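These notes concern the structure reproduced below.
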């Protein structure tokens, strides 16, 4: 198979394939040997790889042209979701498209960095203050909309994707530092704006034992799962925490805990290495990209991928609050996998459509 | 492409590279944070979390041990345990208790008593324990609850072993019963021995032999899921069933005696003189112990408490009575043992006695007196005047010292709780209570009145000592304990309680011959049970005054309200030449010992010796020789 002709980056492709295989192995165990659920995950992986293949063929110049439209479409869908959510009650993240449902916020995880990269590529870098202000609006509007759903985890990721783009675009330190100071000053305001359950999740982080059956339950049970795995783990299909249902969300958000319990620190090191490898490979692609748009986008997407991984694992091992962020690729869930594979499609497109220019 | 403004390509690339390098460094830093945390969880604190994971999934569950059976000497079951369905509530899991009880009320029958008991237990229970709502669910009710169980949080359907007394009130006083472990019980028991158990012996053999009957709790390590459902059993330590106890009591004899006493209040104890084995241990009225097992409701309990016949009292070992003339059997022996005392010397009985210099008259039960009587005649005819004089001759201290080895004034040490010691008085004893000893008390002690009090059990042990050559055996209810698994029997060894110190062993034969004449000569007070007996009986009648009779009054039984009538007593053993059984009978307010008490003793002896019941005696004999 000529991967180059398919516009696939060989290194990245094999790493993703390995990750996909591991995800099937662990979902089978975490779901309690549920064949149909594992099958559904396989279908989604296939869909994701299909999306990746498709997007990889698109030239980065086309992606650049489409960027504002993708961003705009994402915003529109978000508005629809918010509108529907206003009628229904509680969190509204899903948009039903007949056969399947998807979260428009996933589009914006790609849409925001695309839009910002497109915007920055049109001017000089590092960006001037007015351009930074415009960029801030571009990233804050969808962030706030997603936060209102409410989906704090995704909102943070979307915001960070914008922040990473800004940072990579070369926003000057003399601007970065006052902005950070401002954010720190505004933290109490943000705290006041959080919902009760969101606050308790953050408080739980510092003292999970305070409410072991309530908000602390997830963290405690997942730490028990990870810790009891030890160095070698309990072996595949032997996660007592997941199989006896002590660990909630074991095949979705907390799947890393199942992996850690069954394969121990050794298995965890492998997974960690794989994720870091994929992140660094993405950053390499960004480094070798040939124009501003491509490298800003590739760099930002790679960093968001890593952040996504870090936030999930941090939540599982009890160093970050419990926010509903899935583990990329591993967690069971449709739109997140397809969106993620689309990201890798973009990275591959950037990598395989380089003009041969020696620097 | 040409109209795109020229950008400083190299500067931008350098800037981007440096920013990406910083980002890469941060990525590596964050990975180190993750690694550090993972090492901490999976290596350093691994044991801690492994323990937590194990504690999560493995719950040790106690397996209650089946309580030992209680059987009579022939293997008739007196107390057993059998499985029943109980409906239990785990209050910690219930949000709306009233609503839940309403729902359950539609599935099973819940009486007001059930609900009252439930709420009472709810207040008294310790945390994380289930509370019983209903016991003895029918199969149909159990099926209905089982069906709805998944939708009812905190409801448990359990199969538990329930104590049951198949013969009801028969032998309730010796057997006793179990009841729920109370807060007071909790303070004295070893809690681990009672894990998963709800009942404890409260009375009788059930209480005294608690340790043997209990057995030891088994344990099961069960893997449970997050919803508390057992998934599989990992380890199991089987419980050890409690020991089965065989009593010396013969349930048939017990029933026979209960029937003979009928509605009268009284007590009968039958014992083997040679071993101390208690063959019958009856106190009437009896009551059904079964309602006590799961907690009797307040109303029924109050009815039992307020019953003027006091069924809850164990009259046989806790009831204290004046021995009346039965004491003459022992004081007669004391006379024989007395130095410089001639038992053949006659005393004239005019029907009354008075102390020198005192005008108080001590009456004989026979108004006109017995005429000239020696010791033999006085015992046979139960002459009071003779024994008034004898008592003075013996002195109060002398009587006390002689009676003490027979076990009066002290607990027999029978294997039952709450035994009374009775009272064996002396001037010293009264002085300790700040009261003087009156000379008249010496006189009435001679006929078993005054401060002296005995229990029916003491009486039977004392008469057994006469039957057993002066060796008093300790009464025993339990004959043997049987290992439920190996069926190995360990029998209780007969124990000597005391030996009566005698100057002349021949005196024992003499008093026994007198007591035989009480039953078998036509002047004897118990002749009407002896005239047709195919074996020889030695016995002594007694009548204990309940209400004092004034100096000039005459006691006429029919004119006295029933509660103030005299208690009827009879003690005996048979056959005289090889005693197999001794009996003590007390019929409260029964009137005369010979007519009310002796026939019951005869029935017991017939049962033991002949294995049959006796036909009633002709009325003529009865009238003539009534005490």
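The numbers here are math on the coordinates, done by the rules we state, and not lab data. Just so it is clear, the structure is predicted and the values come from calculations on it, not from any experiment. Counting neighbours? That spans all protein chains shown, and the Cβs are built from the backbone with ideal geometry, glycine included.
Here the label points at residue A:237 and residue B:345, each 7 Å from Cα along the C-beta direction, are separated by 10.5 nm in the simple model.
Per DSSP H run of n ≥ 4, the term is -39500 (n - 2.57); total these for chain B, divide by its residue number, and report the mean residue ellipticity at 222 nm rounded to 500 deg cm²/dmol.
-10000 deg cm²/dmol
Divided by 2.2 N^0.38 Å, where N counts the residues, the Cα radius of gyration of the stretch B:1-157 comes to 2.23. Report, as an integer, the average count of C-beta atoms from other chains found within 10 Å of each Cβ along B:32-41. Mean shielding count: 6. Going 7 Å from the Cα of residue B:397 in the Cα-to-Cβ direction, what parts of the stretch B:445-488 have a backbone nitrogen less than 19 Å from that spot? Zone members listed by number: B:445-446. Using the Cβ-Cβ distance between residue A:33 and residue B:33 with R0 set to 35 Å, the FRET efficiency from 1/(1 + (r/R0)^6) comes to roughly 0.55. Cβ crowding within 10 Å ranks A:234, B:116 as B:116, A:234, fewest other Cβ atoms first. Remark on chain B: Rg and Dmax equal 36.9, 160 Å (Cα only).
Reducing the stretch B:202-218 and the stretch B:64-78 to their Cα centroids gives an inter-centroid distance of 11 Å. Model label points for residue B:490 and residue A:84, set 7 angstrom from Cα along the Cα-to-Cβ axis, are 7.7 nm apart.
Think of it as helices only: each DSSP H run of n ≥ 4 in chain A is worth -39500 (n - 2.57), and spread over all residues that comes to -24500 deg cm²/dmol at 222 nm.
Averaged over residues, the count of other Cβ atoms within 10 Å places the peptides A:71-81, A:121-131 in the sequence A:71-81, A:121-131, highest first.
If R0 is taken as 41 Å, the Cβ-Cβ distance between residue A:288 and residue B:225 corresponds to a FRET efficiency of 0.20. Restricting attention to the protein assembly as shown, close to 95% of DSSP beta bridges with both partner residues there are antiparallel.
Treat the count of other C-beta atoms within 10 Å as a stand-in for reagent exposure and order A:118, B:437 from fewest to most. Each step should come with its number before you reach the end.
Numbers: A:118 22, B:437 17.
Lowest count first: B:437, A:118.
For the segment A:292-302, counting C-beta atoms of other chains within 10 Å of every residue's C-beta and taking the mean gives 2.
Rounded to 0.05, the FRET efficiency of the residue B:22 and residue A:277 pair, given R0 = 30 Å and the Cβ-Cβ distance, is 0.95. Model label sites at residue B:122 and residue B:216, defined 7 Å from Cα along the beta-carbon direction, differ in position by 3.9 nm. Scoring B:323-330, B:349-356 by mean Cβ neighbours within 10 Å over their residues and listing the highest first yields B:323-330, B:349-356.
Ranked for footprinting exposure by Cβ neighbours inside 10 Å, fewest first, B:205, B:155 give B:155, B:205.
Using the average count of surrounding beta-carbon atoms within 10 Å as a protection proxy, the listed peptides A:164-176, B:458-470 rank, highest first, as B:458-470, A:164-176. Take each residue in B:9-20, count the other chain C-beta atoms within 10 Å of its C-beta, and the mean is 6.
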